[in-house]
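**Q** Pasting a structure below so you can have a look.
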């Protein structure tokens, strides 16, 4: 009889878990489909999916305890509702949850935006109640607790339609600075990614013992190609300096 009862409980638990997974996946699919149909913000879609996932999971857990004969009311009374809440969700978890709500309400950033926080820069791929996931230019996935966004300054580059590409160069005193500047500006201006309404510039930063330290700048609208564009500028400057030294 005992074995039969345990077997029954096991079957019930498996059925409840299986149904919960099916319901969560079904609602997730439905929310995605409606989101595309109604053109909902992807961030809102992901938040709704989280609500469904956690809500159904908690409900399934409660039903499982009840089916196993565990009195949920007695546990709540004996431990205290506040005690259960604190034990279930730590202060950091609550903070992350609240921060996730604030991000959704303020719309400070959304899925698809390019943001940077604590030297971590990438495109937002998911905004949840607890964490935000970004993918950096190296295709590495970074998970950031939402509470960090309320404690630290962060940048959203998506609202900017352009970004400056900076390159530090040290030029020997033997090189004609004016001629070098003209050649570099002319060459960089021919790059297809350089914006035509803002000309490249060369600024003197410092006169050092080894030469003149310069900052070469150009503007682009492609926020994801800053590093490659900087390399292209460096290669072109290297060629020009090589020709001058021949």
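The values are calculated or read from the model by the stated rules, or taken from the named source; none is laboratory data. If you're wondering where the values come from, they're calculated on a predicted model, not measured in any experiment. Here Cβ is always computed from backbone atoms with ideal geometry, including for glycine, and neighbour counts include all displayed protein chains.
**Q** Where residues in segment 155-182 are crowded, with 16+ Cβ neighbours inside 10 Å and modelled with pLDDT of 85 or more, which of them is farthest from the chain's Cα centre (by Cα)?
**A** Filtering first and then ranking leaves 180.
**Q** Does segment 106-122 include one or more residues that are surrounded by fewer than 15 Cβ atoms within 10 Å (Cβ to Cβ) and at pLDDT below 70?
**A** The answer is yes; a qualifying residue exists.
**Q** Against the condition at positive phi and exposed (fewer than 15 other Cβ atoms within 10 Å of the Cβ), how does residue 139 come out, does it pass? Show your work before the answer.
**A** Working: at positive phi: yes; exposed (fewer than 15 other Cβ atoms within 10 Å of the Cβ): yes.
So residue 139 fits the description; yes.
**Q** Follow-up question, since we're still on this one. Looking only at segment 221-240, decide whether some residue is in contact (Cβ under 8 Å) with a residue 24 or more places away in the chain, touching a helix residue (DSSP H, G or I) at 6+ places or on another chain (Cβ under 6 Å), surrounded by 13 or more Cβ atoms within 10 Å (Cβ to Cβ) and closer than 16 Å to residue 162 by Cα.
**A** Within segment 221-240, one or more residues are in contact (Cβ under 8 Å) with a residue 24 or more places away in the chain, touching a helix residue (DSSP H, G or I) at 6+ places or on another chain (Cβ under 6 Å), surrounded by 13 or more Cβ atoms within 10 Å (Cβ to Cβ) and closer than 16 Å to residue 162 by Cα.
**Q** Go through segment 24-58 and give me each residue that's farther than 19 Å from residue 128 by Cβ and either modelled with pLDDT of 85 or more or under 23 Å from the mean Cα position of the chain (by Cα) (or both).
**A** Within segment 24-58, 26, 36, 39 meet the criteria.
**Q** For segment 124-145, enumerate the residues that are in a strand (DSSP E or B) and in contact with a helix residue (DSSP H, G or I) (Cβ under 9 Å, 6 or more places away or on another chain).
**A** 124, 126, 127, 131, 132, 145
**Q** Separate question: Test residue 36 against the stated conditions and say whether it is surrounded by 16 or more Cβ atoms within 10 Å (Cβ to Cβ) and either in a helix (DSSP H, G or I) or in the same structural domain as residue 127 (by TED's automatic domain parsing) (or both).
**A** Here the answer is no, as residue 36 does not meet what is asked.
**Q** Scan (1) touching a helix residue (DSSP H, G or I) at 6+ places or on another chain (Cβ under 6 Å); (2) buried (at least 17 other Cβ atoms within 10 Å of the Cβ); (3) not in a strand (DSSP E or B) for the single condition residue 148 breaks and write down its number.
**A** Result: residue 148 passes all but (1).
**Q** Also, I was wondering about something else. Among the residues of segment 186-193, are any closer than 16 Å to residue 240 by Cα and within 32 Å of the chain's Cα centre (by Cα)?
**A** Scanning segment 186-193, I find at least one residue that is closer than 16 Å to residue 240 by Cα and within 32 Å of the chain's Cα centre (by Cα), so the answer is yes.
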